[in-house]
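The values are calculated or read from the model by the stated rules, or taken from the named source; none is laboratory data. The structure presented is a predicted model; accordingly, all values stated were derived computationally and were not measured. Heads up, the Cβs are rebuilt from the backbone with ideal geometry, glycines too, and the neighbour counts pull from every protein chain shown. For accessibility, only protein heavy atoms count, side chains too; no ligands or nucleic acids. Shrake-Rupley method; radii C 1.70, N 1.55, O 1.52, S 1.80 Å.
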Amino acid sequence: MKKSTAISPANIAFIKFWGKKDPELNLPFNDTFSMNLSCCLTTTTVEFSPKYKEDSIVVGGKEVSGGKKDRVIKILNLVREKASFNLKARAVSENSFPEGAGIASSASAFSALALAASCAAGLNLSEKELSILARRGSGSACRSIPSGFSEWKAGNSNDSSYAVQIAKPDFWSLADVVVVTNKEEKKVGSTEGHELATTSPYFKARLARLPTKIRKIKKAFFKKDFLTFGSILEEEAIDLHLTAMSSNPPVYYWNGGTIDVIHATQEWRKDGLLGFFSIDAGPNVHLICLGKDSSEVEKRIKQLKSVLFTITNKPCEGTHLVEKHLF
Ligand code: PMV
């Protein structure tokens with residue numbers, strides 16, 4: 001059988017997935033909305049063959065084992081089931097950015113895996129089917145399949161929960177300057193964070209406000225009203241972290257650098273430079289700004305001692321196949 005290789009971007013959620021309605025199927029409680037990140041990419045090559053006696057998964061040159069391997073095998077099994085064969089696979093993956101540090105490596109990883117594995121198995125899945133398959137590995141991965149800006153409709157079953165494109169990459173020239181304040185793997189993964197979310201006394205309040213929040217941020221997005229868009233974006237990031245910090249036990253994803261970046265963006269706004277923060281399950285900050293301001297944002301943020309490095313992204317195409325294989 002032929003090898004297949006896919007490249008896929010991570011994505012930043014403007015409205016976020018926090019807490020699972022169905023942990024096995026990765027069904028969220030609410031709809032979410034995101035942008036693909038052009039410079040946070042995973043490349044994955046998959047081959048199914050009788051020459052493999054068992055599944056082997058290599059990420060960044062290291063053989064993967066334990067829970068991480070099981071998650072990959074779950075997707076390989078779903079593919080084998082659809083393709084009606086039982087061949088073992090080799091999957092090799094490389095990331096262009098630090099893994100497990102809140103830059104959604106699971107989103108780029110599982111979307112790349114969904115496309116590479118299904119093609120390697122000879123399946124020709126639609127964008128909807130790929131989004132559903134990627135979601136089974138990691139919820140947020142379903143949003144990396146379409147190009148540009150995606151909306152993931154929560155749905156209430158396996159077949160009704162997937163992401164669709166709501167705008168092409170060139171619809172709005174936004175940039176996401178990812179500010180890395182720690183590149184180590186985080187101590188509490190998002191899987192555990194999702195499990196704890198509903199223990200927060202604020203979880204229900206968050207859910208109740210979400211439909212209005214989504215409607216407002218989408219309206220601001222389509223009107224390209226950056227001020228309104230940015231303020232809702234920040235409110236949403238804080239809502240997620242308030243939920244995490246007030247769950248039982250609490251989860252604190254931030255470090256001192258996270259706070260330094262938040263303070264810096266508030267200072268710049270006083271002299272007219274607009275950058276709004278978003279923070280996923282980690283200490284790194286995504287500074288969302290207009291494309292024309294990204295070099296200035298980058299220049300200023302690098303002056304903070306707590307900043308290790310930055311990765312500047314623009315909206316980009318979704319998961320796609322490439323010819324160059326990793327093995
Ligand atoms: O897809 P998961 O299970 O890694 O969860 C993603 C959680 C957040 O990144 C914090 C939010 C989101 O919607 O991407």
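Structure data summary
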item	result
By accessible area with a 1.4 Å probe, ligands and nucleic acids excluded, highest first: order of 325, 194	325, 194
Segment residue 185-residue 219, extension gain: residue separation times 0.36 nm, minus the distance between their alpha carbons	8.7 nm
Accessible heavy-atom area order of 252, 202, highest first, probe of 1.4 Å	252, 202
GNM result for the chain, Cα springs below 10 Å: residue of 144, 160, 190 fluctuating most strongly	160
GNM result for the chain, Cα springs below 10 Å: residue of 135, 206, 269 fluctuating most strongly	269
Karplus-derived HN-Hα couplings along the range 22-31 (A = 6.51, B = -1.76, C = 1.60, θ = phi - 60°), whole Hz, x at Gly and Pro	9, x, 5, 8, 6, 8, x, 7, 9, 5
Using θ = phi - 60° and Karplus 6.51 cos²θ - 1.76 cosθ + 1.60, couplings along the range 177-187 (whole Hz; Gly, Pro as x)	8, 7, 9, 8, 10, 6, 10, 6, 5, 5, 6
Accessible surface, the range 1-118, averaged per residue in Å² (probe 1.4 Å)	36 Å²
Charge tally in the Cβ shell below 11 Å around residue 48, where Lys, Arg are +1 and Asp, Glu are -1, residue 48 excluded	+4
Mean projected area in nm² (Cα convex hull; one quarter of hull surface) for the range 3-168	8.9 nm²
Accessible carbon and sulfur surface of the chain relative to its total accessible area, %, 1.4 Å	53 percent
Largest to smallest accessible area among 119, 40 [probe 1.4 Å]	119, 40
In Hz, Karplus ³J(HN,Hα) per residue of the range 311-327 (6.51, -1.76, 1.60; θ = phi - 60°; x = Gly, Pro)	10, 9, 10, 10, x, 8, 5, x, 5, 8, 7, 10, 7, 7, 8, 7, 8
Fraction of the pair-distance distribution of the chain above 36 Å, Cα-Cα pairs, percent	15 percent
